[in-house]
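Reading through the structure tokens given below for one structure.
The values are calculated or read from the model by the stated rules, or taken from the named source; none is laboratory data. Remember, predicted model here, so these are calculated numbers, not experimental data. Glycine gets a Cβ as well: all are built from the backbone with ideal geometry, and neighbour counts include every protein chain shown. Each accessible area value is taken on the protein alone, full model and side chains, heavy atoms only, with ligands, DNA and RNA left out. Shrake-Rupley method; radii C 1.70, N 1.55, O 1.52, S 1.80 Å.
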Amino acid sequence: MLTIALSKGRIFDETLPLLEAAGIVPTENPETSRKLIIGTNLPGVRLIIVRASDVPTYVQHGAADLGVAGKDVLREHGGANLYQPLDLEIAKCRLMVAVRAGFDYEGAVKRGARLRVATKYTDSAREHFAAKGVHVDLIKLYGSMELAPLVGLADAIVDLVSTGGTLKANNLVAVEHIYDVSSRLVVNQAAYKLKRAQLKPILDTFANAIQHHHPV
Ligand code: PRT
Ligand code: MG
């Protein structure tokens, strides 16, 4: 049995065509089904539906053989026990520093001010500000980071930005780019060796189906 861990939403949606290319078709839609284990047309392949940030944990412990996770999630997880053979180039976005429109971020940095930064991505944020020599107090949040500067919880946030629509709607502006994000295939290291015969055709198909192999 091969178990694939995916999160609902953009990762599921953008992985679906890759699975189909590999001849794997889920028997149910996780957006409408309440089931957490979803079968496929292949008796030896099933999907499990988990939170995006939990995908590496299921794969690390072998509860799933492979999965799809964003670079943001993998950086925070650490990647122990995971083999990352492919950047799937899906669910792309950017990890950015953002502040309230009108907040003088550059000035605060130049003055050496201590900044309060709210984020879900504390490891990435710590590393970024340490490399710049900026002193920060990190405030851990689990979602809706955009709210923090609006109500005085933080001076800045570190969050993912894709269209920029959420920042704009909340009168925030991006002031620094930390890194580009896309989702990667992650494979349990033991499964990679022991289930190679089952995994190889899937990995090969995914590699061939990735966007940059088919420039438009
Ligand atoms: O949503 P939930 O709390 O369940 O979990 P999650 O946010 O971890 O999962 P999900 O499914 O939203 O995101 C899964 C992965 O998609 C992330 O780990 C990223 O690698 C990737 N991704 C790509 C994004 C975005 N684009 C994105 N725009 N993840 C989140 N966002 C959010 C962002 O945090 C912000 O709140 O969308 C908002 C900004 O979007 P724009 O288009 O308004 O800029
Ligand atoms: Mg989300």
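Net charge around VAL97, counting only other residues with Cβ within less than 9 Å of its Cβ (Lys, Arg = +1; Asp, Glu = -1)?
With Lys, Arg at +1 and Asp, Glu at -1, the neighbours total -2.
Multiply the residue gap between ILE139 and ASN41 by 0.36 nm, knock off their C-alpha separation, and tell me the result in nm, one decimal place. Write out the running numbers ahead of the final one.
Details: separation 98, 0.36 × 98 = 35.28 nm, distance 4.48 nm.
Once the chain is fully extended between ILE139 and ASN41, it gains 30.8 nm.
Taking only the alpha-carbon atoms of the chain, what semi-axes of the equivalent ellipsoid follow from 5 times the gyration tensor eigenvalues under a square root, in whole Å, largest first?
They are 37, 17, 16 Å, listed from largest to smallest.
Relative to the present Cα-Cα distance, how much length would full extension add between THR32 and LEU16 at 0.36 nm per residue of separation? Please list the in-between numbers first.
Working: separation 16, 0.36 × 16 = 5.76 nm, distance 1.52 nm.
Stretched fully, the THR32-LEU16 segment lengthens by 4.2 nm.
Counting Lys +1, Arg +1, Asp -1, Glu -1, what net charge surrounds ARG184 among other residues with beta carbon under 13 Å of its beta carbon?
Overall, the nearby charge balance is -2.
Sequence-distant or interchain residues sharing an amide H contact under 5 Å with VAL25, placed H: which?
ASN41, LEU42
Just tell me the longest site-free run in the chain, where the sites are GluC sites (Glu not before Pro) in a DSSP loop having at most 15 other beta-carbon atoms within 10 Å.
Free of exposed loop sites, the longest segment is 90-216.
Please give every one of the lysines within straight-line cross-link reach of LYS195, meaning a C-alpha to C-alpha distance under 26 Å, and leave out same-chain neighbours fewer than 8 residues apart.
Those lysines meeting the cut-off are LYS8, LYS35, LYS71.
Using a 1.4 Å probe, what is the accessible area per residue for the range 93-181, in Å²?
51 Å²
Could you give the size of the charge dipole of the chain about its Cα centre, using +1 on the Cβ of each K and R and -1 on the Cβ of each D and E, expressed in debye and rounded to the nearest 20? Can you show the working numbers first?
On the way: 25 positive and 22 negative charges, 75 e Å.
It comes to approximately 360 debye.
Which FRET efficiency value, to the nearest 0.05, is calculated for GLU89 and LEU150 with the Förster distance at 35 angstrom and r the Cβ-Cβ distance?
Working: r = 33 Å, r/R0 = 0.95.
Efficiency for this residue pair is about 0.60.
Students often forget the sequence filter, so: which aspartates and glutamates lie under 19 Å Cα-Cα from LYS110 once same-chain residues fewer than 8 apart are removed?
GLU127, ASP137, ASP155, GLU176
In a GNM of the chain with a 10 Å cut-off on Cα contacts, which of VAL181, VAL59, VAL136 has the highest mean-square fluctuation?
VAL136
Got the relative contact order for the chain handy, in percent, Cα pairs under 8 Å and 6 or more residues apart?
27 percent
Just in the range 109-216: which chymotrypsin sites (Phe, Trp or Tyr not before Pro) are loop by DSSP and have at most 14 other Cβ atoms within 10 Å?
Within the range 109-216, the qualifying chymotrypsin sites (Phe, Trp or Tyr not before Pro) (loop, at most 14 other Cβ atoms within 10 Å) are TYR142.
Report the Cα-based extents of the range 93-181 along its three principal axes, largest first, to the nearest Å.
Principal extents (largest minus smallest coordinate, Cα): 30, 26, 20 Å.
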